[in-house]
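Colleague: To start, I am sharing the structure in question, which I have written as structure tokens.
The values are calculated or read from the model by the stated rules, or taken from the named source; none is laboratory data. Source: prediction; values computed, not measured. Here the Cβ positions follow ideal geometry from the backbone for every residue, glycine too, while neighbour counts run over all protein chains shown. Accessible surface is based on the protein model in full, side chains and every heavy atom, while ligands, DNA and RNA are left aside. Shrake-Rupley method; radii C 1.70, N 1.55, O 1.52, S 1.80 Å.
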Amino acid sequence: MVYNQFIDGALTTDSKRESWVNYDPSNNQPLGEVCQANDEDIEAAINSSEKAFQIWKNKTGAERGRVLVKAADILRSRLEQIALLETHDVGKPISESLAVDVSSAADALEYFGGMAAGIHGEFFDLKNAFGYTRREPLGICAGIGAWNYPIQIAAWKAAPALACGNCMIFKPSELTPATALELAKAFMEAGAPPGLFNVVQGDGRVGKMLVDHPRIAKISLTGSVATGKKIFSAAATELKHVTLELGGKSPLIIFEDADLNNAVSAAMLANFYTQGEVCSNGTRVFVHRKIFDSFLKQLKERTERIRLGEPTDPETQMGAVISKVHLEKIIRFIDSGKSSGATLLTGGFKPEKDFKGRNISSGNFLAPAIFTNCDDSMEICREEIFGPVLSILAFDTEEEVIERANDTLFGLSAGVFTNDIKRGHRVIHQLHAGTCWINNYNITPIELPFGGYKQSGIGRENSLAAIQHYTQLKSVYVELGNVESPY
Ligand code: TXE
């Protein structure tokens, strides 16, 4: 398999490029060769996008919407096939790819496809005049993706961009090249003009070529804070539009009156789903001292029952982390936790066999880890680990836990578990985070905005809010009388 560019409506065939091998995280077997886009590829993508933009910007919202909704149907018709590609690329369980990744991508296309006809300006009656606004497209937008939810990230960027009349050049993470190409094929089959959604493959160097290109009007990144800062400063050169969906170290606060079973379920979802490789994860779990021991007991028992193993097995609940390099990074954090005095209660080791006794030693597997006796100042409680490592911390008062929860440079997400309706809203309103939950966690319906405060990002994806980031607003004043002039 060669993962090449998708430009002007078709996969490119010339594979004489700098290339590297893409590995299946569950066994580190090669899946295929990824071809790094070169200058010619970028110019071809830009020219093709410009051609498509001239067609697409003159279509009505209803015409654009029809293509997006059809693309959603095409993704859904290929759900199993694309989910399997995602599982091999990311290492996540097939149960997740089937339930979330492809469906969430299709939901985005359907939601913004349905909205496209309704994207409009406003009319203002004025004194002997009137005014109106127009929401106009930006032009060629660049989408740059991370490796944990490849097709979802690509669709969360492409759907609003295209609905608003733009075209997109998308670069998936160098670690997960496969499913953005499936999205590109779906757009073509849905009737999009060639070049409306181009895919270029490559690492940060190709990302930088897009960011620096003078004919690209906007960049939307999903990635780390470090990369977000690089892109933000590079985009400043030409004051390009930027939206950044970055990392987090989010708090999940469990009050003494919480439903224990639900709170433990949420803490596990917030730390072990997709092997913990989720930016919005609630990796600092604050538990009221009164229920700390009973919470921890249930959390440990249920965590040790997680079915870790072969990702393509429908019964598997946890797969392999993305790469050997990333696995070693997570293990370094676990060593740091132990050396800083925290107690590794369970997990944190590389299992030889999975829950069915299959040998998984060749894959990047890590038993889900729980740290207790943590201190807010420890590295494992301050840095984003992006792996299956949960830190649990006790608290006594509402004021104390709010202050501790907010004591971070991140601000992506936050969760609160309580049956006291006033306390739930009172606390969540004081947490410095952009994407929040009360009595659940990490549920991201397309109708709600997704994004962070502080260094977790700029702008929002999904919901009506996304339209602001993919259009520019023109106001027009129309005189019905004469020009009154003092000259
Ligand atoms: O990020 P990287 P990764 C975050 C998550 C974690 C990180 C993991 O919190 O920190 O992403 O994903 C490209 N100019 N989120 O390791 O390394 C690079 O090629 C232009 C948050 O992939 O930052 C890749 O395609 N592009 C998120 C992309 O940037 C550059 C959900 C991200 O790479 C570049 C998922 C450069 N200089 C993960 N350098 C959320 N908030 O939703 C790299 N890239």
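Colleague: For region 8-19, check the following and say yes or no: at least one residue is open to solvent by less than 10 Å² (accessible area, probe 1.4 Å) and at pLDDT 95 or above. Before you say what the answer is, go through the steps one by one.
Modeller: Residues of region 8-19 open to solvent by less than 10 Å² (accessible area, probe 1.4 Å): none.
No, every residue in region 8-19 fails to be open to solvent by less than 10 Å² (accessible area, probe 1.4 Å) and at pLDDT 95 or above.
Colleague: Then there is this: Open to solvent by 20 Å² or more (accessible area, probe 1.4 Å), charged (D, E, K, R) and out of contact with any strand residue (DSSP E or B) (no Cβ under 9 Å at 6 or more places or on another chain) - does that describe any residue in region 448-466? Talk me through it step by step, then tell me what you get.
Modeller: Taking region 448-466 as the starting set, the residues that turn out to be open to solvent by 20 Å² or more (accessible area, probe 1.4 Å) are 448-449, 453-455, 458, 460, 464-465.
Add one more test, that the residue is charged (D, E, K, R), and what stays is 454, 460.
Next, only the ones that are out of contact with any strand residue (DSSP E or B) (no Cβ under 9 Å at 6 or more places or on another chain) stay: 454.
Scanning region 448-466 turns up at least one residue that is open to solvent by 20 Å² or more (accessible area, probe 1.4 Å), charged (D, E, K, R) and out of contact with any strand residue (DSSP E or B) (no Cβ under 9 Å at 6 or more places or on another chain).
Colleague: Further question on the same structure: Name the pairs: first residue in region 200-217 and more than 18 Å from GLU33 (Cα to Cα), second residue of a type in the set (Phe, Trp, Tyr) and open to solvent by less than 30 Å² (accessible area, probe 1.4 Å), Cβ to Cβ under 6 Å, at least 6 apart or on different chains?
Modeller: none
Colleague: Further question: GLU122 is checked against (1) free of Cβ contacts under 8 Å to residues at least 12 places away in the same chain; (2) buried (at least 20 other Cβ atoms within 10 Å of the Cβ) and fails just one. What number does that condition carry?
Modeller: For GLU122, the exception is condition (2).
Colleague: Something else now. Go through region 211-226 and give me each residue that's within 6 Å of the ligand (Cβ to nearest atom) and surrounded by fewer than 19 Cβ atoms within 10 Å (Cβ to Cβ).
Modeller: SER224
Colleague: Restricting attention to region 46-79, which residues are outside any helix (DSSP H, G or I) and free of Cβ contacts under 8 Å to residues at least 60 places away in the same chain? Don't jump to the end; show me each part of the working.
Modeller: To start, the set of residues in region 46-79 that are outside any helix (DSSP H, G or I) comprises 57-60, 78.
Selection gives ASN58, THR60.
Colleague: On the phi < 0 side of the Ramachandran plot, away from the ligand (no atom under 16 Å from the Cβ) and surrounded by 24 or more Cβ atoms within 10 Å (Cβ to Cβ): does that describe ILE370?
Modeller: yes
Colleague: State the number of residues belonging to region 315-357 that are closer than 18 Å to CYS381 by Cα, open to solvent by 30 Å² or more (accessible area, probe 1.4 Å) and more than 27 Å from the chain's Cα centre (by Cα).
Modeller: Selection size over region 315-357: 8.
Yes/no matrix, rows are residues, columns are (1) in contact with a helix residue (DSSP H, G or I) (Cβ under 6 Å, 6 or more places away or on another chain); (2) under 25 Å from VAL2 (Cα atoms):
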| position | (1), (2) |
| --- | --- |
| ILE153 | no, yes |
| ASN166 | no, no |
| GLU174 | no, yes |
| LEU181 | no, yes |
| ALA186 | yes, yes |
| ALA192 | yes, yes |
| LYS218 | no, no |
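Colleague: Return the residues of region 394-418 that are surrounded by 23 or more Cβ atoms within 10 Å (Cβ to Cβ) and assigned to a strand (DSSP E or B); say none if nothing qualifies.
Modeller: SER413, ALA414, GLY415, VAL416, PHE417
Colleague: Just a yes or no: is a residue in region 195-210 over 20 Å from the mean Cα position of the chain (by Cα) and within 16 Å of the ligand (Cβ to nearest atom)?
Modeller: Of region 195-210, the ones over 20 Å from the mean Cα position of the chain (by Cα) are 195-196, 205, 209.
After this cut, where a residue has to be within 16 Å of the ligand (Cβ to nearest atom) as well, the list is 205, 209.
Yes, that holds for at least one residue.
Colleague: Here's another thing I want to ask about it. Restricting the search to region 373-393, which residues are in a loop (DSSP other than H, G, I, E, B), in contact with a Gly (Cβ under 9 Å, 6 or more places away or on another chain) and surrounded by fewer than 23 Cβ atoms within 10 Å (Cβ to Cβ)? Reasoning before the result, please.
Modeller: Narrowing region 373-393 to residues in a loop (DSSP other than H, G, I, E, B): 373-378, 382-388.
Okay, now just the ones that are also in contact with a Gly (Cβ under 9 Å, 6 or more places away or on another chain), so 373-375, 378, 384-388.
Within region 373-393, ASN373, CYS374, ASP375, MET378, GLU384 meet the criteria.
Colleague: Determine which single condition ALA190 fails, assuming it passes every other condition in (1) within 16 Å of the ligand (Cβ to nearest atom); (2) buried (at least 20 other Cβ atoms within 10 Å of the Cβ); (3) under 20 Å from GLU50 (Cα atoms).
Modeller: (1)
Colleague: Let me ask something else. If a residue must be buried (at least 24 other Cβ atoms within 10 Å of the Cβ) and hydrophobic (A, V, I, L, M, F, W, C), how many such residues does region 272-282 contain?
Modeller: 2
Colleague: Moving on to the next point. Just checking, which of ILE392, ILE385, ILE402 is hydrophobic (A, V, I, L, M, F, W, C) and more than 29 Å from HIS326 (Cα to Cα)? Let's see the steps before the verdict.
Modeller: On the way: ILE392 fails: more than 29 Å from HIS326 (Cα to Cα); ILE385 fails: more than 29 Å from HIS326 (Cα to Cα).
Only one candidate qualifies: ILE402.
Colleague: Anything in region 140-166 that is among the small types (Gly, Ala, Ser) and either within 13 Å of the ligand (Cβ to nearest atom) or under 18 Å from VAL278 (Cβ atoms) (or both)? List them, or say none.
Modeller: The first filter runs over region 140-166 and keeps only residues among the small types (Gly, Ala, Ser), leaving 142-143, 145-146, 154-155, 158-159, 161, 163, 165.
Those that are among the small types (Gly, Ala, Ser) and either within 13 Å of the ligand (Cβ to nearest atom) or under 18 Å from VAL278 (Cβ atoms) (or both): ALA142, GLY143, GLY145, ALA146, ALA154, ALA155.
Colleague: While we're looking at this one, here's another question. Can you find a residue in region 106-117 that is among the aromatic types (Phe, Trp, Tyr) and either touching a residue at least 24 places away in the same chain (Cβ under 8 Å) or part of a helix (DSSP H, G or I) (or both)?
Modeller: At the first step, the residues of region 106-117 found to be among the aromatic types (Phe, Trp, Tyr) are 111-112.
From what is left, the residues that are either touching a residue at least 24 places away in the same chain (Cβ under 8 Å) or part of a helix (DSSP H, G or I) (or both) are 111-112.
Within region 106-117, one or more residues are among the aromatic types (Phe, Trp, Tyr) and either touching a residue at least 24 places away in the same chain (Cβ under 8 Å) or part of a helix (DSSP H, G or I) (or both).
Colleague: Exactly one condition in (1) open to solvent by 10 Å² or more (accessible area, probe 1.4 Å); (2) not in a loop (DSSP other than H, G, I, E, B) is false for GLY424; which is it?
Modeller: GLY424 satisfies every listed condition except (1).
Colleague: Also, I was wondering about something else. Restricting to region 427-447, count the residues that are open to solvent by 50 Å² or more (accessible area, probe 1.4 Å) and over 27 Å from SER220 (Cα atoms).
Modeller: Total satisfying the criteria: 5.
Colleague: Going by what's in this entry, would ILE467 be described as assigned to a loop (DSSP other than H, G, I, E, B), within 25 Å of CYS141 (Cβ to Cβ) and either touching a residue at least 60 places away in the same chain (Cβ under 8 Å) or within 16 Å of the ligand (Cβ to nearest atom) (or both)? Even if it seems obvious, please write down each step before you answer.
Modeller: Numbers: assigned to a loop (DSSP other than H, G, I, E, B): no; within 25 Å of CYS141 (Cβ to Cβ): yes; either touching a residue at least 60 places away in the same chain (Cβ under 8 Å) or within 16 Å of the ligand (Cβ to nearest atom) (or both): yes.
It is false that ILE467 is assigned to a loop (DSSP other than H, G, I, E, B), within 25 Å of CYS141 (Cβ to Cβ) and either touching a residue at least 60 places away in the same chain (Cβ under 8 Å) or within 16 Å of the ligand (Cβ to nearest atom) (or both).
Colleague: Residue by residue through region 232-271, note down the ones that are more than 16 Å from the ligand (Cβ to nearest atom) and open to solvent by 10 Å² or more (accessible area, probe 1.4 Å).
Modeller: Selection gives LEU239, GLU256, ASP257, ALA258, ASP259, LEU260, ASN261, ASN262, SER265, MET268.
Colleague: In region 33-45, what residues are touching a residue at least 60 places away in the same chain (Cβ under 8 Å) and either among the β-branched types (Val, Ile, Thr) or surrounded by 14 or more Cβ atoms within 10 Å (Cβ to Cβ) (or both)? Spell out how you get there, then give the answer.
Modeller: Going through region 33-45, the residues touching a residue at least 60 places away in the same chain (Cβ under 8 Å) turn out to be 34-37, 39, 41-42, 45.
Within region 33-45, VAL34, CYS35, GLN36, ALA37, ASP41, ILE42, ALA45 meet the criteria.
Colleague: Restricting to region 168-187, name every residue that is near the ligand (Cβ under 10 Å from one of its atoms) and among the hydroxyl-bearing types (Ser, Thr, Tyr).
Modeller: Across region 168-187, the qualifying residues are SER173, THR176.
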